[in-house]
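Below: the structure, in structure tokens.
Since every read-out is calculated from the coordinates, none of them should be taken as a lab result. Given the structure is predicted, the values throughout are model-derived calculations rather than measurements. Glycine also receives a Cβ, built like all others from the backbone with ideal geometry; neighbour counts cover every protein chain displayed.
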Amino acid sequence: MLYLSLGLSAVLLIVANVAVHLRGGLGVFGFCGVVLTAGPLLVGFFLPPVAMLFVFLLVALFVWHACQRRRWLFLPLSLVAASAVWGFAGWTVWKDQQRLARLREELPYQSL
């Protein structure tokens, strides 16, 4: 799931950065974001980092639009959004691994 999430996030990030340079590109970004977020649901699983990145990129688009649409500004905004999403995902995994390590020490596995 990690590699699939990273791949779909990379595609979403690239589409968002290309969309700010094209006329009508924001509609393409919206369509790709919905497909990449809701598409895996049709197969039976959900990728929270991809959904979070879509929402964070939408927020970055609103900030970019409020700054008179300077095209050079969107790349750093999108990279901050991606870093925030993957930083949060890594932090939650790290905390979960710490909790599991503590439980392994507390309750060791014993073979019968």
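So which residues in segment 65-75 are without any contact (Cβ under 8 Å) to a residue 40 or more places away in the chain and either aliphatic (A, V, I, L, M) or within 16 Å of Ser9 (Cα to Cα) (or both)?
Within segment 65-75, Ala66, Leu73 qualify.
Could you list, in sequence order, all residues of segment 73-104 that are of a type outside the set (S, T, N, Q) and more than 21 Å from the chain's Cα centre (by Cα)?
Selection gives Arg99, Leu100, Ala101, Arg102, Leu103, Arg104.
Give the residues of segment 11-53 that are of a type in the set (Gly, Ala, Ser) and more than 21 Å from Gln68 (Cα to Cα), sorted by residue number.
Passing the criteria: Gly33, Ala38, Gly39, Gly44, Ala51.
Here are some conditions: (1) surrounded by 13 or more Cβ atoms within 10 Å (Cβ to Cβ); (2) of a type in the set (Ser, Thr, Tyr); (3) under 18 Å from Leu2 (Cα atoms). Ser78 meets all but one. Which one does it not meet?
(3)
Within segment 1-33, which residues are farther than 14 Å from Ala82 by Cα and of a type in the set (Val, Ile, Thr)?
Residues satisfying the conditions are Val18, Val20, Val28.
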